[in-house]
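First the structure, in the form of C-alpha cells, and then the observations on it.
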Amino acid sequence: MTGHERLVDVLAGFAQTLTRPYATGDVLHALTERMTQLLALTGAGVTLSEAGRVQFVTAQGERIARLERVQEAHQSGPCVDAVRTGTPVTVSDLTAHPDAATRWPDYVVQANALGVRAVAGIPMVTDKGVIGAVNSYDAAPHNWSPQDLALARILADMATGYLVHASALARERRTSQQLRLALETRIVIEQAKGILANAEGISIDTAFERLRKHARGHNARIHDVAYAVVHLELRLRS
C-alpha cells in the first residue's frame, strides 16, 4: 500500500466511525488509534477542557494513559499548554529539550520512566475556543514535520466537529454535555479495565482489548460493556 493509499484508508476509516451512533468516548478512542496508525507512533491520547481544567479522556496504550493522567493531576505538560494557548506544542526529544524539565517537571520524570521521548499536542479548536487537545507520543526522538502536524490537525478537526455537532442520537445536546459524557465514559471504562485485570490476572491493555472485542462482537458500545462489567458483574474471558 502506498503512502497516499494508507492515508486515504485511515481517513476513510475514521470518517466512517463518525457516521455511526457511537458514544463520544468510543469516537475519541478511535481517533487515538487512527493517529497512532497514520503517523506510526507509540501512542496517542485525548484531553478535554471542562470547567477550566484539562482532563484525560482516552489513550492508546496504558503507558500513554499514565502520562495523560500525570498531566491531568498536575495541570502541567505540553498538551495542557496546547489547550491553554490554542497552538500546537511539539517536543522532538524531551531528554534534550532545554527547558522541558523546568516547565513540566513531573511530566518529564514520568515520560523518562515510561520511555517516551517525543510529544506533540494539537489543540481541538472551535469557533468558541479550544475544547481540548489530541496528543501524539513516540518512544524515539521524533522531528514533527509540517506534514505530521497537518495530518494530526485533520483528524483532530474531524473529531472536534463530531463533538460540536454531537452524534445522531444526541444531536441537540450542547458541547459541554458531550464533554461530560466523554469523561463519564472514561471513568466507567477505567473501572471495568481494573476489574477485569484483577479478576483474570491480565494487563490493563489486555483487559481493554477484551472490552473492545466483546463490544464489536456484540455490536455494542464499549461504554455499555464496561457498565455491565462494573455494575452487572459481566466477566469477559479469552
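Laboratory data are not the source of any read-out in this text; all were calculated from the coordinates shown. Because the structure is a prediction, the values reported are computed rather than measured. Neighbour counts run over all protein chains shown; Cβ positions are idealised from the backbone, glycine included.
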- Task: Tell me which residues come under 5 Å, amide H to amide H, from GLN55 once H is placed; ignore anything under 5 positions away on its chain.
- Result: LEU48, SER49, GLU50
- Task: Please report, in cubic angstrom per residue, the volume enclosed by the convex hull of the alpha-carbon atoms of the stretch 27-67.
- Result: 61
- Query: What is the log10 of I(q)/I(0) for the chain, computed with the Debye formula using one identical point scatterer on each Cα and no solvent, at q = 0.09, 0.12, 0.18 Å⁻¹?
  - Reply: -0.36, -0.65, -1.44
- Give the peptides 47-53, 62-68, 80-86, 26-32 in descending order of average Cβ contacts within 10 Å, highest first. 26-32, 62-68, 80-86, 47-53
- Item | For the stretch 180-238, alpha-carbon Rg relative to the globular expectation (2.2 N^0.38 Å, N residues) | 1.00
- Query: Could you give the radius of gyration (one decimal) and Dmax (whole number) of the Cα atoms in the stretch 107-230, in Å?
  - Reply: 17.2, 46
- Task: Would you kindly state how much longer the chain becomes between ALA73 and ARG212 on full extension, computed as 0.36 nm times their sequence separation minus their alpha carbon distance, in nm to one decimal?
- Result: 47.4 nm
- Yeah, the stretch 97-170 with a ≥ b ≥ c from its alpha-carbon gyration tensor (a/c under 1.5 is rounded, else prolate when a/b outruns b/c, oblate otherwise) is prolate
- Note on the structure: HN-Hα couplings for the stretch 193-208 via Karplus (6.51, -1.76, 1.60; θ = phi - 60°), in whole Hz with x for Gly/Pro, come out as 4, x, 5, 5, 4, 5, 5, 9, x, 10, 6, 4, 4, 5, 4, 5
- Phi-based couplings in Hz for the stretch 61-77 (Karplus 6.51, -1.76, 1.60; Gly and Pro marked x): x, 5, 5, 5, 4, 5, 5, 5, 5, 4, 4, 5, 4, 9, 6, 8, x
- Query: Mind listing the Cα extents of the stretch 18-94 along all three principal axes, in Å, largest one first?
  - Reply: 33, 31, 24
- Given 138-147, 119-128, the highest-first ranking by average Cβ count within 10 Å works out to 119-128, 138-147
- Gain upon complete extension [ASP99, GLN177; 0.36 nm per residue less C-alpha separation]: 24.4 nm
